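Quick notes on the structure that follows.
The values are calculated or read from the model by the stated rules, or taken from the named source; none is laboratory data. These numbers were taken from a predicted model, which means no experiment stands behind them. Cβ placement follows ideal geometry from the backbone for every residue including glycine, while neighbour counts extend to all protein chains displayed.
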Amino acid sequence: MIERDDREHWSAVEEATELLHEERYREALVELRRVLGEDPKNPYAFYFLGVAFFEIGELEPARDAYAASIKLSPKYLGARVALSHVLRQLGDVRGAIREGMAALSIAPGDGDALHAVALAHHARGDVAAARKYFEAFLATNPEFEVAVEVRGLLAEMDLGPGLPRGEA
């Protein structure tokens, strides 16, 4: 029953995910609302609703959609990681760390979860914790662009507060 429900939930969001891939976010929002009108217990519809809201810069609705997805599917790793990022961007660093750590409890060593936790600790100003999670993230062999970004953040942290770049 659960597997069938899962397949049905994924199938229901196929059109919306195509719209998201085509960067047609407002159309995806309409489609996802239609899907949720037919099945308000579809965690993927809530997750992708969060993606669409995030892409158009609506962080509070994105947060709420990711949270709804997690309420329906507490072990939905992608939704937890996304919620961590949105909470950090909204200034709720404690909540971002909490959600990132929950993601790591679901999937220890997951690169996306490590990255989210590292960024949250960095936003909090906890250099030691940020470094620990950034280094663990780099050990997962992430994509080149993200790895370069993280190495840049680590280099900035090495400079210390108040020091201009290149003067350490």
Can you run down the residue pairs with Cβ atoms below 6 Å, 6 or more apart or on separate chains, where the first is in the range 75-95 and closer than 18 Å to E58 by Cβ and the partner is polar (S, T, N, Q) and modelled with pLDDT of 95 or more? A79/S69
The range 122-146, residues that are surrounded by 15 or more Cβ atoms within 10 Å (Cβ to Cβ) and among the hydrophobic types (A, V, I, L, M, F, W, C): A123, V127, A129, A130, F134, A136, F137, L138
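Just to be sure, is R151 part of a helix (DSSP H, G or I), loosely packed, with under 15 Cβ neighbours inside 10 Å, among the basic types (K, R) and at pLDDT 95 or above?
Here the answer is yes, as R151 does meet what is asked.
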Do we have E99 as of a type outside the set (K, R), surrounded by fewer than 18 Cβ atoms within 10 Å (Cβ to Cβ) and free of Cβ contacts under 8 Å to residues at least 60 places away in the same chain here? no
Within the range 102-136, residues being more than 22 Å from V51 (Cβ to Cβ) and not small (G, A, S) number 11
Test: residue in the range 13-26 that is buried (at least 22 other Cβ atoms within 10 Å of the Cβ), of a type outside the set (G, A, S) and over 26 Å from Y133 (Cβ atoms): yes
Count of the range 1-17 residues which are closer than 13 Å to L72 by Cα and either among the hydrophobic types (A, V, I, L, M, F, W, C) or not in a helix (DSSP H, G or I) (or both): 1
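Rundown of residues vs (1) under 19 Å from the mean Cα position of the chain (by Cα); (2) of a type in the set (A, V, I, L, M, F, W, C), yes/no style:
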residue	(1), (2)
T17	yes, no
V30	no, yes
E38	no, no
N42	yes, no
K75	yes, no
A79	yes, yes
Q89	yes, no
